Amino acid sequence: MASGTALIYDEEMTSHKLLWNDPICDIEVPERLSFSYEQLKCYHLVERCVCVPAREGSEEEILLVHSSEHLEVAKSTQTMNEEELKRVSGNYDAFFFHPSTYRCARIAVGAGLQLVDSVMSGKVCNGMALVRPPGHHSQRNAANGFCLFNNVAIAAEYAKRKYGLQRILIVDWDVHHGQGTQYIFEEDPSVLYFSWHRYEHQEFWPSLKESDYDAVGLGRGKGSNINLPWNKVGMGNSDYLAAFFHVLLPVAFEFDPELVLVSSGYDSGIGDPEGQMNATPDVFAHLTHFLMQLANGKLCVILEGGYHLKSLSESVCMTVKTLLGDPVPQITGEMAPCLSAIESIQNVRAAHKPYWKCLMYEDTSFLQNLSTKSHLLEKVNTNPSTEHESKITNKDEMVKVERFLELHMKNILFPVPPIKTAATIESEASAHLLPLSVRVVKEMDMNEVKALVSAFYADLVKEDETLLSLGSMLAVLDKILTKQVCNGIAESPTASVSVAVALRHSVRFGFQRVLCIFVGDMEIIPNTEDGRILMIHICEKQQSEKTNSKHYISLNWKEVRFTFIRSLVYVRMHRFEENFSSCYFSSSRRQSHSVKRVRRR
Ligand SMILES: COCC(O)(O)CCCCCNCCCN
Ligand SMILES: [Zn+2]
C-alpha cells in the first residue's frame, strides 16, 4: 500500500494576472496561490508532504482534450501587447490573457499530470496540486471562466491512456458548474463526473440549461454525468454532507473507481463572493476523507476556484491535512439539510434512478421530515452561526468573515490527539504485525480491574474469567479517554461484556456521546436509553422491533451497504456527533481476523 501525500506548487503560476480593469475577472489573482501555500507552511503541512515538482504539459498532452486551433490561439498570445491581449480575451466569456498565461496554463496542466503519475506509480498515496489558471470551464475549442486548458479533464484522459484505466471519478465541488468537463466526458461511460453548483434555477452563471439535474449524460455516457444544482445561496455543511451521503457516495461506491480526481474549487466555502455559501473549511476535511475510501485511496486534488483568500487557504489546509491522514475535526453547524437542498437531492436521485442500483431501492423520503429549516423561501443565509456573513458584498464584509474564520479555525485545528493507535498484544507472535505508529500498552492489572468491576460493573460481569479480557480493553480505552492516543484495538473473547463495560466506562468518564458499532451477535444489549450512547448493531438476524429505538439501530448485515452510511447520516442529522473513538471489539476468531487485517493496513 502506498503512503504519503504529494504537494505540487510552482510560483511561476503566479505570473498570470489581469492587466486591465475587468470587474468580472479581477477576483482571480496570483495571491490565491501564494496565500494558500503560505498557510500550508504556517500549519507545518508542507514539510509533511512529498514535494513533487510541476512540469510543462506537452502540446500532445493538451491535444488529448483541446483542438489544435485552441492550442494555436493560446500559443500566439505569448508575444502580444496589452491591446492585442485584451482583444483576444474579448472573444471568450470571462477570460483574460497575460503574456505569461500560456506558459502558466501549461505548467498547471503538467502539475496535474505529475500528480497522477506520483499516485499511479505508488510513489505517494494521494496529493494536491495548487494551480492557476484553473480548468473546469475550458472546452475543446474555447477558454472560459478564467480557464484556458482543462487541467482535470486532461489528467483524466492521460490516466486512461497511460494506465489503461476503465473507471475514473471526477468530483467537482467548486461552486460553479464545470460545463467544460461535462462536455468533454458526457458520452464517456468510463469517466463519472459529479458536480454541485450554485444554479438558482439557471439564473447563476454560466446559466446553462444543461447544468440542471436532468443532464445525465449522452448515449453510452447516460448515468455518468451527475449535476446537483443549488437553487438557493447559503448552503451549509449539512447540505454538502447530505449531497455526499445521498447522491455521490452511494453511486461512487457502486461505480468503484480506480482513480478519483477532484476539481477542487473552494468558492463553495463561506465568505466567497462568488458562491455566497456558508460551508466552513472543516467540511472539506470530511469530503476529502470520504473520497479517500475509494480507489484504494488514490486521490488527486487539483485546485479550481476560491476567491476569499482566508477561506480558500484554510480550506486548502483542511484538505491537505486530511490527505495526510489526520483525524477529521468534529463537524460544526446544523445537522439537517435545508428543504431546497433536499429537493435538489431528490430530483437528481430520481433522474439517475434508471442507471444506478443503489438509487433504485433506497427511498429517501425520510429526509423530508429531517429538515429543521422552515425558512426556505428567503434567499439569504440559513446558518445562524454566520447570520451576519451571508451576503458578502464588500470589503468590510470580507473582513468580518476573516475574523469569524480566525476564531472558528482555532477551535477546529487544535488540539489534535496524536495519530497513534494503542494495542495490547496477547502474544509476541502478533507484535510484528503492528505498524510502527502503534503503541503497545500493558494490560490493566487484575486487582484494579476487580475493584473497578465490583464498584461499577458487577451487574455486567458475571464470570471471573471475563475479568481477564477486560484488562486489555480497559488499558486501551483509558489511553483514548485521556487523549494519549487517537484510537485502539483490543481483542476480547467476550465482546458483548467488554462493549457494555467500555460504553459505561466512557460515559462515566464524562463523554457525552459515544457511538458503538457492533458487528455480530450480542448476548446482552447495553442500555442506550440515557441518550448518550448510540448503538448500531450489524447482525445476522435483525433484532425484534421492541429493541430497536432511536439510540439502538440493528441492521441485517446482508443489506448493510448503503443503509449503513444512511444510518450514519441519520446519526449525524440527529446531532449525535459522536466522539468517535474507533475501538474494535471482535467476538469471534473470524472477526478478530478482520481486525488484524485492519491493523495491517
Ligand atoms: C475553474 O474556474 C474556477 C471558477 O469556476 O471559480 C471560475 C468562475 C468564473 C466566474 C465567472 N463569472 C462571470 C459572471 C458574468 N456575469
Ligand atoms: Zn468556481
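The values are calculated or read from the model by the stated rules, or taken from the named source; none is laboratory data. Worth saying up front: this structure is predicted, and the values here are computed from it rather than measured. Positions of Cβ are backbone-derived with ideal geometry, glycine not excepted, and every protein chain shown enters the neighbour counts. All accessible areas refer to the heavy atoms of the entire protein, side chains included, with ligands and DNA or RNA removed. Shrake-Rupley method; radii C 1.70, N 1.55, O 1.52, S 1.80 Å.
Criterion applied to S195, S264, S238 was being under 20 Å from T319 (Cβ atoms) and in contact with a Lys or Arg (Cβ under 9 Å, 6 or more places away or on another chain), and the one residue passing it is S238.
Screening segment 107-145 for residues that are more than 14 Å from ligand 1 (Cβ to nearest atom) and hydroxyl-bearing (S, T, Y) and picking the one that is farthest from the chain's Cα centre (by Cα) gives S121. If the condition is being within 28 Å of I24 (Cα to Cα) and open to solvent by 10 Å² or more (accessible area, probe 1.4 Å), then segment 281-332 contributes Y307, L309, K310. Those helices (runs of 4 or more DSSP H) of segment 439-523 in which at least 2 residues are touching a Lys or Arg at 6+ places or on another chain (Cβ under 7 Å), considering only elements entirely within it, cover 465-481. Taken together, the residues in segment 225-249 that are open to solvent by 10 Å² or more (accessible area, probe 1.4 Å) and either within 20 Å of L299 (Cβ to Cβ) or within 16 Å of ligand 1 (Cβ to nearest atom) (or both) amount to 2.
Residues are listed down the side, and each one gets a yes or a no for (1) among the hydroxyl-bearing types (S, T, Y); (2) over 29 Å from V485 (Cα atoms); (3) at pLDDT below 95:
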position	(1), (2), (3)
F253	no, yes, yes
L259	no, yes, no
V262	no, yes, no
E274	no, yes, no
L291	no, no, no
N296	no, no, no
G305	no, yes, no
T332	yes, no, yes
A336	no, yes, yes
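Quick check on P133: is it modelled with pLDDT of 95 or more, within 16 Å of ligand 2 (Cβ to nearest atom) and over 30 Å from R220 (Cα atoms)?
Against the criterion (modelled with pLDDT of 95 or more, within 16 Å of ligand 2 (Cβ to nearest atom) and over 30 Å from R220 (Cα atoms)), P133 qualifies.
Do we find that E304 is out of contact with any strand residue (DSSP E or B) (no Cβ under 6 Å at 6 or more places or on another chain) and either of a type in the set (A, V, I, L, M) or within 16 Å of ligand 1 (Cβ to nearest atom) (or both) in this structure? No; evaluated as a whole, the condition is false for this residue. For segment 298-315, taking the residues that are among the charged types (D, E, K, R) and within 29 Å of Y163 (Cβ to Cβ), the one that is farthest from ligand 2 (Cβ to nearest atom) is identified as K298. Evaluating H44 against the criteria (1) open to solvent by less than 50 Å² (accessible area, probe 1.4 Å); (2) in a loop (DSSP other than H, G, I, E, B); (3) over 16 Å from I302 (Cβ atoms) leaves one unmet condition, (1). With respect to (1) within 14 Å of ligand 2 (Cβ to nearest atom); (2) under 15 Å from the mean Cα position of the chain (by Cα); (3) open to solvent by 20 Å² or more (accessible area, probe 1.4 Å), the lone exception for F253 is condition (1).
Just so you know, in segment 502-531 the residues that are buried (at least 17 other Cβ atoms within 10 Å of the Cβ) and among the basic types (K, R) include one that is modelled with the lowest pLDDT, and it is R513. What about R561, is it modelled with pLDDT of 70 or more, open to solvent by 70 Å² or more (accessible area, probe 1.4 Å) and assigned to a helix (DSSP H, G or I)? For R561, the condition - modelled with pLDDT of 70 or more, open to solvent by 70 Å² or more (accessible area, probe 1.4 Å) and assigned to a helix (DSSP H, G or I) - is not met.
If the requirement is being at negative phi, of a type in the set (D, E), open to solvent by 10 Å² or more (accessible area, probe 1.4 Å) and more than 14 Å from ligand 1 (Cβ to nearest atom), which of these qualifies: E274, E258?
Residue meeting the stated conditions: E258.
Just checking, how many residues over segment 111-149 are part of a loop (DSSP other than H, G, I, E, B) and closer than 30 Å to L208 by Cα? Summing the residues that are part of a loop (DSSP other than H, G, I, E, B) and closer than 30 Å to L208 by Cα in segment 111-149 gives 15. Within segment 159-198, being within 16 Å of ligand 2 (Cβ to nearest atom), farther than 14 Å from S138 by Cβ and open to solvent by less than 10 Å² (accessible area, probe 1.4 Å) holds for I170, V171, W173, V175, Y193, F194, S195, W196, H197. None of M318, M292, M277 is more than 24 Å from L148 (Cβ to Cβ) and within 13 Å of ligand 2 (Cβ to nearest atom) except M277. Look at (1) within 16 Å of ligand 1 (Cβ to nearest atom); (2) open to solvent by 10 Å² or more (accessible area, probe 1.4 Å); (3) not hydrophobic (A, V, I, L, M, F, W, C) and you find that S89 fails only one, number (2).
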